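Since the structure comes first, as structure tokens, the remarks are kept for the end.
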Amino acid sequence: MAETANVVVLMPGETLQLPNSEASLTPAQELVLGPGLRRDDGGTVVATKAGVLRRRDPNVYWIDSHQKRYVPVRGEMVIGIVAAKSVDLFKVDIGSSEHASLSYLAFEGATKRNRPNLQVGDLVFTRLLVANKDMEPEVVCVDSAGRANGLGQLSGDGFLIHTSLEFCRRLLTPGCPLIASLSAVCPCEITVGMNGRVWLRAKALWPAAVAAALLERSNCIETEQMKSQLQNLTDCLANF
Amino acid sequence: MKETPLSNCERDFVLLAVREKKRLDGRQTYDYRKVRIAFGTEYGCCVVELGKTRVLAQVSCELVSPKPSRPSEGVLFFNLELSPMASPGFEQGRQSEMAIEMNRLLERCLRSSRSVDTESLCVISGEKVWQVRTDIHALNHDGNIMDAAVIAANAALAHFRRPDVTVQGEEVTLYSVEDRDPVPLTIHHMPLTTTFAFFHEGSRLLVDPTRLEERVMEGRLLVAMNKHRELCALQASGGIRLLQDQVLRCSHVASVKVLELTEIIQRALENDVQARKEGRCCGLAESLPVQRVTVACAHDAVVNNEEARRRADEVVKCAEEPADTEGAVYHRGPHTAQVGEGLVNSWVVDDNEPKSEEEQEEAMDDGDLEGVKVENEEVEELSDDSVVILETQHRAPNVVQLSDGSEEDEVIILSGKDLMNVSSKGCTKETNSSDDVMEVIITETKKPRKRSK
């Protein structure tokens, strides 16, 4: 992303000035606002976070800011840790202020007789169904058609790391060079949750853990630096 | 707030790694994390970083009466605070079990071992002794707060300087910092602790566990020693059963570690003394490493701040001119002067602020009735229960309500006519039944004040 073009930095409370003819933003404009932007009563778009304004053509805008605390947003896919089991639902910790509830029936192929085999402390990759500030969040492990589609328990020997939210978003951009260079050295299965949690599974536990530690440290380094770190990683793995 | 639960995969990983004698951060079994000690500009302030665990210690002293059982010994007081700043699992206020255990350990390790000489803290036997108080705050919890706290406490006590006192017969002279250089405490030895975490039923151990390792461990052994290989305290918790030779081995390891740590503390103290002598800047801002994110190549980004500049100009243009204040000072009498005309207080007034101790008068001239009325309107918007800072009413004279937070004993009510008769602050109460008197009454209630928008 070698941008020498103008980079817009917004502080909370500033209005978004759109470049072309959309000087006065009418509510009829089809704008997709991502995190950090909000429409106020007058119809203008106001920034609520401090950060760099990003744009994806034609009309998607959001603000890249640093944050570690997760605020649930409907539709996002997050990694949860099962905190408690009750009669008909799991209490899952997704990093928000409240534990999310996950019904036993919200799994693919689950019926009243056929219960999911999750224990306290297991990891689940879920999708937020209900997320607003007045209610406790609710997550599910199926999509609207009833298929799992990658959601569900994250089993096997893996390792979980906790990072910041924008690092996870960076990992999820298509063609992320970090993931590409990591997988060249240590092929692994990576699951990225939007709540700042990343789960890795490699051939053995130890390479997974080392790769995870490396990812954690590459939060602030550029891709080129990471290549040299990867060299250390291969040496590490060779020793063990 | 609840702590994030520990997932099974993290627990399994740590147990597996420990079995194979590996650690996630690449340390060996007996390795400590990097220790960084920084001192503040004030004597007795110390920040210790053990990896990502950060702890701040501050030592202070004051003269108190000694304990009746020990009339010629000073008092040492230790307090370790675990606030939610360190970890979301800590609760503010109520001390958790862990906090109580740590506090007790600190006392045993530092006070019972007589590391600081308390006899030298006595000024007048039976009447006045120094109480040296060490407050330790955990700033970030990444495992092993105890070790970091003990290092910080020792370093802070060694760094601290108390005011000098001389006793000549019955006469006691306490010198201020400007008169005589403050005097360091007498420290006999430095007891430092080493924490061992046990796994797999005591068959594996780790020194200086991180947060993740602490959550998984089965038991903990804490060995407090000084560099002369004298054991100061020993604490095993977690319900783990240890063999005799295990404990002995741990104490051998601890003696080596304590030696290294003592050296680090001594070096940090010497550096600080050197820096102060040379007049270099010392203090936390200088000694803590600048946390910078450096990248090999940085992309230049031009930030467009024209919009901000334009808006700033607009604001400046629209802003009102600052009012011309005449510097006229009217002398009303001895100890009483008036500057300005006593307009309405346009600052936001706090409930607890003792009202105008600096201002000598609260006279409201007759001509400022309008100003007062504005205040009244504001007041009306607040609910009845809320605190009213300035209420102007026509009341019977002699009605004076004292504000709770004020340090003054009496509130003077001055009127325009009687300003000449005021003799001194706090000595006279004006009684005036004139209608023109605006009595300013300051009230405080306990309920929070709603601010009018």
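A few comments on the model shown:
- Exactly one residue out of A:S97, A:S103, A:S164, A:S86 is among the hydroxyl-bearing types (S, T, Y) and touching a His at 6+ places or on another chain (Cβ under 9 Å): that is A:S164.
- Of the strands (runs of 3 or more DSSP E) lying entirely inside region A:54-164, those containing at least 2 residues that are away from every other protein chain (no Cβ under 14 Å), at pLDDT 90 or above and closer than 26 Å to A:E189 by Cβ span A:123-130, A:138-140.
- Taken as a whole, the structure leaves A:D64 outside the set of residues that are exposed (fewer than 13 other Cβ atoms within 10 Å of the Cβ) and either among the basic types (K, R) or out of contact with any Phe, Trp or Tyr (no Cβ under 7 Å at 6 or more places or on another chain) (or both).
- Odd one out for B:K22 among (1) at the interface with chain A (Cβ under 8 Å from one of its Cβ atoms); (2) of a type in the set (K, R); (3) in contact with a strand residue (DSSP E or B) (Cβ under 9 Å, 6 or more places away or on another chain): (3)
- Matching residues, region A:95-104, being more than 14 Å from A:Q153 (Cα to Cα) and among the aliphatic types (A, V, I, L, M): A:A100
- Meets criteria (more than 12 Å from chain A (Cβ to nearest Cβ) and touching a Lys or Arg at 6+ places or on another chain (Cβ under 8 Å)) for B:G40: no
- Among (1) part of a strand (DSSP E or B); (2) surrounded by fewer than 19 Cβ atoms within 10 Å (Cβ to Cβ), the one test that B:I100 misses: (1)
- Residue ID - surrounded by the most Cβ atoms within 10 Å (Cβ to Cβ), chosen from residues in region A:215-228 that are at pLDDT 70 or above and under 17 Å from A:L165 (Cα atoms): A:L215
- Annotation note: of B:L106, B:L76, B:L6, the sole residue that is more than 14 Å from chain A (Cβ to nearest Cβ) and in contact with a helix residue (DSSP H, G or I) (Cβ under 6 Å, 6 or more places away or on another chain) is B:L76.
- Only a single criterion out of (1) closer than 23 Å to A:I63 by Cα; (2) within 14 Å of chain B (Cβ to nearest Cβ); (3) crowded, with 16+ Cβ neighbours inside 10 Å is not satisfied by A:R169, namely (2).
- On inspection, B:E320 fails the criterion of being under 26 Å from A:L53 (Cβ atoms) and either hydrophobic (A, V, I, L, M, F, W, C) or modelled with pLDDT of 75 or more (or both).
- Residue in region B:24-46 that is closer than 30 Å to A:Q153 by Cβ, buried (at least 18 other Cβ atoms within 10 Å of the Cβ) and of a type outside the set (F, W, Y) present: yes
The values are calculated or read from the model by the stated rules, or taken from the named source; none is laboratory data. Note that the structure is predicted; figures quoted are calculated from it, not measured. Neighbour counts are summed over all protein chains in view; Cβ atoms, including those assigned to glycine, are modelled from backbone coordinates with ideal geometry.
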